[in-house]
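What follows is a set of notes on a single structure, which appears directly below.
The values are calculated or read from the model by the stated rules, or taken from the named source; none is laboratory data. In this text, all values refer to a predicted model and were calculated from it rather than measured experimentally. Because the Cβ atoms are built from the backbone with ideal geometry, glycine has one as well, and the counts that use them run over all protein chains shown.
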Amino acid sequence: MPELPEVETIIRGLARRVINRRIAGVEFHEPRTVVGDPAQAVERLLGQTIRGIRRHGKYIVFDLQKGRKESCLVVHLRMSGNFVLDGEPGPHTRAIVELEGGPTMVFHDIRKFGRWQVSDDLPARLLQLGPEPLEISESEFVKQLRGRRAMAKALLLNQEFLRGLGNIYADESLFRARIHPRAITSRIGVKRAARLHRAIQEVLTDAIAQGGSTINNYVNSEGGQGYFQLSTAVYGKTGEECTVCAAPILRIIVASRSTHYCGRCQRP
DNA sequence: CGAGTCCTGTGT
DNA sequence: ACACAGGACTCG
């Protein structure tokens, strides 16, 4: 479900209420949710104080401290994971973290794809990811993009190229930059590449700004709607009129993912 | 590169 | 019954 803007909104919502709280209780209801042995993870989490929450691409990193020792809890929400503070446990609850003098973090995940990992250091996987889309400079982005030979959509989804974009924002960014999803990146001109850089940053910034006010509820209570109020230009708009030229929005498969674009605005 | 896999729910 | 879902890994 969540891409960079949603994860960003979620960590902001969490940060306000869980920073400097100590973990007083941990339950895992679904062993798959945990990388490694759940009982061991519980052991390692108990008594830890949450000193910070960061987003790394689509990963959520909880910085933990107990005495002099630091460690971290890394959570990836994948398709359907979400946090609800003081939420009601239900059939889809996979983990619960009780904080001393603070809220209880209830983790729901219908599809069970979400993963929690407790680790001394940031797992290697995270360090292999590409730069943050909102931090990379235009010149660096242009250089990297043109230095690779891949379909534009596939490259945007590749977390080792950029971390945090997913299917929605990849489509939306390409539409805004008027680049065909199957365009070969090594052949994209400097000007178009720069346009894509700008498009990505605008799309993400807008989404964070929009999501911010509404997804907070998402974190604080059941049934938040921020995510569903998200307005898209092409994603999920197959057959509807393009907002720019009124041509129908098309749907194709690229990188094994459903891909939406305007056949007139985004020429091959 | 694409295809299959992990899961469950929803919509047609 | 079937297609599809906002992710990412493994395989050929």
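Here are the numbers:
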read-out: Residues of region A:176-201 satisfying the condition of being more than 21 Å from A:E135 (Cα to Cα), away from DNA strand B (no atom under 13 Å from the Cβ) and in contact with a Ser or Thr (Cβ under 9 Å, 6 or more places away or on another chain); value: A:I179
read-out: Within region A:69-78, considering residues that are out of contact with any Gly (no Cβ under 8 Å at 6 or more places or on another chain) and among the aliphatic types (A, V, I, L, M), the one farthest from A:E3 (Cα to Cα); value: A:L73
read-out: Any hit, region A:76-84, residues being more than 16 Å from DNA strand C (Cβ to nearest atom) and either without any contact (Cβ under 8 Å) to a residue 40 or more places away in the chain or assigned by TED's automatic domain parsing to the domain that holds A:E160 (or both); value: no
read-out: Residue pairs meeting the criteria (Cβ under 8 Å; at least 6 apart or on separate chains; first assigned by TED's automatic domain parsing to the domain that holds A:I252, in region A:161-174; second of a type in the set (F, W, Y)); value: A:N167/A:Y235; A:I168/A:Y235; A:D171/A:Y235; A:D171/A:Y261; A:E172/A:Y235; A:L174/A:Y261
read-out: Strands (runs of 3 or more DSSP E) contained entirely in region A:4-97, each with at least 3 residues that are away from DNA strand B (no atom under 16 Å from the Cβ) and farther than 30 Å from A:I200 by Cβ; value: A:23-28, A:49-56, A:59-66, A:69-76
read-out: Yes/no for A:V61 being of a type in the set (A, V, I, L, M, F, W, C) and farther than 17 Å from A:P31 by Cα; value: yes
read-out: Answer residue from region A:228-259, given it is of a type in the set (S, T, N, Q) and outside any strand (DSSP E or B) and is modelled with the lowest pLDDT among those; value: A:Q229
read-out: A:V118 being buried (at least 17 other Cβ atoms within 10 Å of the Cβ) and touching a Lys or Arg at 6+ places or on another chain (Cβ under 7 Å); value: yes
read-out: Qualifying positions in region A:151-171 - in contact with a Leu (Cβ under 8 Å, 6 or more places away or on another chain), in a helix (DSSP H, G or I) and closer than 19 Å to A:V7 by Cα; value: A:L156, A:L157, A:N167, A:I168, A:Y169, A:A170
read-out: Some residue of region A:100-111 being assigned to a helix (DSSP H, G or I) and either assigned by TED's automatic domain parsing to the domain that holds A:R32 or within 16 Å of DNA strand C (Cβ to nearest atom) (or both); value: no
read-out: Qualifying position, being part of a helix (DSSP H, G or I), charged (D, E, K, R), more than 11 Å from DNA strand C (Cβ to nearest atom) and modelled with pLDDT of 95 or more, among A:R148, A:R125, A:R176, A:R182; value: A:R176
